[in-house]
Amino acid sequence: MAVQQNKKSRSRKGMRRSHDHVAVPAVIYCSCGEPTLPHSVCPNCGAYKGRQVLAKNENE
Ligand SMILES: [Zn+2]
């Protein structure tokens, strides 16, 4: 097992961990007004790129 030669300071630890965050997912708004993920079919109305690709199931 590799053993570190010197103690890493709290400052160094913070600098290393400055990139350790979860990326916030991008949100776009569908033409129906529902927030959706980009490059994905809207789960609310089933539209993708302004085109209907899935049948709407409004009675569920
Ligand atoms: Zn939609």
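Overall size of the chain from C-alpha positions, given as principal axis extents largest first: 63, 25, 21 Å.
The helix-based estimate of mean residue ellipticity at 222 nm for the chain, built from -39,500 (n - 2.57) per DSSP H run of four or more residues and divided by its residue count, is -3500 deg cm²/dmol to the nearest 500.
Model label sites at Asn44 and Ala2, defined 7 Å from Cα along the beta-carbon direction, differ in position by 4.8 nm.
Short-range pairs are left out: with C-alpha atoms under 8 Å and at least six residues apart, the relative contact order of the chain is 15 percent. Karplus-derived 3J(HN,Hα) values for segment 4-10, using 6.51 cos²θ - 1.76 cosθ + 1.60 with θ = phi - 60°, are 5, 7, 10, 6, 7, 6, 4 Hz; glycine and proline are entered as x. Per residue, the accessible area of the chain comes to 98 Å² when a 1.4 Å probe rolls over the protein heavy atoms.
Extension gain, His19 to Ala55, is 8.8 nm, computed as 0.36 nm per intervening residue step minus the present C-alpha separation.
The values are calculated or read from the model by the stated rules, or taken from the named source; none is laboratory data. Since this is a predicted model, take the numbers as computed values, not measurements. We place every Cβ from the backbone using ideal geometry, glycine too, and count neighbours over all the protein chains shown. Side chains are part of the model used for accessible areas, which takes the heavy atoms of the whole protein and leaves out ligands, DNA and RNA. Shrake-Rupley method; radii C 1.70, N 1.55, O 1.52, S 1.80 Å.
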